[in-house]
Amino acid sequence: MIHRVQIKTASKPDGKRRYGFTLTTGATCSCYPEDTLDFFALVCLDLDSIYIVPAGEVSGIKTARVWPNVEGSSGRLEQYRELWGQFLCS
């Protein structure tokens, strides 16, 4: 099976220890059309940490934030941290 993945990166956290990602495309900063990709790979570069998020989970959302370096983070995308198995199950 082939998956369409859009990779987004953040190099370091902001002052609140969160990593922010812009989930838009093009000069118009519009959301990705639902039928153009299957997953977002949100990569925290300085931690070598990645979130494999199904595109439907963030459909219509222009930004996403994760807290990979906060112990016990309960952010809604935390369940997708290092969830490589989705590529096998989808």
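The values are calculated or read from the model by the stated rules, or taken from the named source; none is laboratory data. In this text, all values refer to a predicted model and were calculated from it rather than measured experimentally. Ideal geometry is used to build each Cβ from the backbone, glycine not excepted, and the neighbour counts take in all protein chains shown. These area figures cover heavy atoms from the full protein model, side chains too; ligands, DNA and RNA do not enter into them. Shrake-Rupley method; radii C 1.70, N 1.55, O 1.52, S 1.80 Å.
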Legend entry - Per-selection Rg to Rh, the range 6-75 - Cα, Kirkwood hydrodynamic radius: 0.97
Legend entry - Approximate shape of the range 40-87 as ellipsoid semi-axes (Cα gyration tensor, √5λ), whole Å, largest first: 16, 13, 11
Legend entry - Highest average packing first - 75-83, 48-56, 12-20, 28-36, Cβ atoms within 10 Å: 48-56, 75-83, 12-20, 28-36
Legend entry - Whole-percent carbon and sulfur share, accessible surface of the chain, 1.4 Å: 53
Inset, instruction - Provide the per residue accessible area, probe 1.4 Å, for the chain, rounded to a whole number of square angstrom. - result: 61
Legend entry - Built amide H within the under 5 Å cut-off of Ser49, gap 5+: Cys44
Inset, instruction - At 7 Å along the Cα-to-beta-carbon direction for both Thr24 and Val5, put a label point, then send me their distance in nm to one decimal. - result: 2.6
Legend entry - Phi-based couplings in Hz for the range 41-57 (Karplus 6.51, -1.76, 1.60; Gly and Pro marked x): 9, 9, 10, 8, 4, 6, 10, 6, 10, 9, 10, 9, 9, x, 4, x, 5
